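Values in this text are rule-based calculations from the coordinates and carry no lab data. It should be emphasised that the depicted structure is a prediction, and the values quoted were computed from it without experimental measurement. Note that each Cβ is placed from the backbone with ideal geometry, even for glycine, and that neighbours are counted across all protein chains shown.
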């Protein structure tokens, strides 16, 4: 860019600028040699021969320009090549990374799929002390009517109970609410955060009723088991409907409805 | 002298130049291009097989095939020792594959990418890998007989994998590019890519949770009764959707090669048996639909009955019984059914049996499906009519017999069973399976009356009180029939079955259990009943079907005191 600019500048300037400097001698000889031809036109435009000298002077500049161009071009090519190579490196690096990540993703997806398979879910549910219910029982809302004949599920206490984690909190919550029976702290609105509620409920359950964690599985306390199951169904429904009926005190109604004969409503189907 | 030599050399050079450039030029250039050009196939990801809830039953994972250039392996024994523990293979066998002069040899197929990474780190000379795909069945043998399996080349060889091979497979793409001696792609060279078309995913009607419980319950009962095999079908009668289709014994689709062919098939569709007493439902429904009887109609059943040249009995000997039609169903009386069927005659009975789908394809288009068999009415012998009336001399597969009960459950309309819910195209669009065919077989009123009679079977006076579910109205029918072997065209073993529905007054589920050739126990009620109860109980919870809260009608089973 700069080289071409310089070239343009030199064209108009050189003839006018350099002519007066060393023109006299040259003019003399030119006039002498060209004689007759020059007579006809004695106007100043005879200047046209004078570029001979300035041209010689500009050659250095020209060489410089060409060399500059050459160097610039080579540098340009070098830069382009380097950046291309660098791009290629980046591409292959990223491709490698992508391959690794997609492998990782696949491995994890496979592990999740295997862990989510019914067989392993049942295993985990049993490890938590859950047992399949043999009598499907439903809680109708609103109203808290129990549909079906609740009956204790056999084999519920086979596994040692363990401290419940927030992940188990649907059940914990239910146990907590049902046994305490007085306060229903959860009034889910739009900003209902199940995880936070679950965690809080789990803490409350652990603090207030350390024995209750066991109640989920213990057939010695069938009433609690029953409520646990039924309330868990409520929780599920509540979470399904946006404006849930959870704030409704139906769960408490339920506890009063459930006699000890209704024991063992473990209506928490293994998903 | 020097000049001559120079001239000669130059002439030779010039000649060669002309030869290379002018004479062979084009050929050589294209040969060079051929050497640079590489066409690589881009594998199409095989579609997934999903359950009704979208959980994967079959997925495809990246994998590697381990290959060897035997000429580059200097010490096969040492290499085999290193590979052995990673591949879980015997080093001696591996060493054999690494020894020789072959430039290309498969050492192991379907490695996980991690396994290949570990091998690559060893930097063993002559050991290479090629990318491939590995079909994974994350739920193991769950619904294996429906899902099917793939062969070594990754093409479906059984079940849905086979039936939907074309949809699942997709179209492989192709990349053509020029590459240098080091294998690098020449950036400025010719390069064309045809993208691979991913395979279509198949969403089944199977609910994997119900399927799991069905498989468990059935497997336990088959083992307990030391039976040959068993099948279990769970259907939604309103849609014809098969929610679970279990067969025992089953197989692990990840290791299909080591399973026997009969375990890899789907017995619920490939094996036919005589429906036996469960078939009485069709006969009695036909009689009611023709207006020739109702559940209260009284039928006097003698201790034996001679038709043609054959003397017919009931399963347990008895004197003259005074049964209602409901009683005939509840006690599963063969003779009572024959007497009722005689009110409509063989021609009409045949017509109804065909309408119920006997001897017709189920419409599932499952590989190896058998349609069962019923002789044409014109071919019936004098004993054909009475035997067919109570369920012998015809054969059905398990899905067909479930479909018969589903028809009664769906108020008399038979909806063609289906296993595939939708196809999910690679771009995510869901194309639902076409609406199944629905045909009316009997009237709504007939269906209701038959259901009421089915409830009496599960009552205390019936043959299957063990199938009752507390709180629910359950209707069903036991069956204990001789197994008809199509190969020898003879009876061979026993099939104990129980098919039922719940809630009986507004059925949403039908469960059909068949146990082939039990050695401990024999009757459909005692073998099939408990399995039915367990699976139905779970399915009712899983699909959140509450009891209807109504009470069962009490139909008189006997009359006149």
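Remarks
- The stretch B:397-533 shape via C-alpha gyration tensor axes, a/c threshold 1.5: oblate
- Maximal additional length on extending the residue B:89-residue B:315 stretch stands at 75.7 nm, based on 0.36 nm per residue less the C-alpha distance.
- Within chain B, all pairs of alpha-carbon atoms sorted by distance into 20 Å bins from zero give the percentages 19, 40, 21, 13, 5, 2, 0, 0.
- When peptides B:3-14, B:227-238 are sorted by average Cβ neighbour count within 10 Å, with the highest value leading, the order is B:227-238, B:3-14.
- Cα long-axis angle, helix B:25-36 against chain B (0 to 90 degrees, to the nearest 10): 50 degrees
- Protection proxy ranking of B:402-413, B:314-325 - average other beta-carbon atoms within 10 Å, highest first: B:402-413, B:314-325
- Relative to the current alpha-carbon distance between residue B:520 and residue B:360, full extension at 0.36 nm per residue lengthens the span by 54.3 nm.
- Partner chain coverage, peptide B:387-400 - average Cβ within 10 angstrom: 0
- For the residues of B:541-553, the average number of beta carbons from a partner chain within 10 Å of their own beta carbon is 3.
- Here the simple spin-label model places points 7 Å from the Cα toward Cβ, and for residue B:20 and residue A:147 these points are separated by 9.0 nm.
- Taking Cα atoms only, the orientation of helix B:398-409 departs from the longest principal axis of chain B by about 50 degrees.
- If R0 equals 51 Å, the separation of the Cβ atoms of residue A:111 and residue B:347 corresponds to a calculated FRET efficiency of about 0.25.
- Peptide packing for B:83-96, B:503-516 was compared via the average number of neighbouring C-beta atoms within 10 Å per residue; ordered from the highest value, the list is B:503-516, B:83-96.
- Rounded to the nearest 10 degrees, the angle from helix B:76-87 to the longest Cα principal axis of chain B is 40 degrees.
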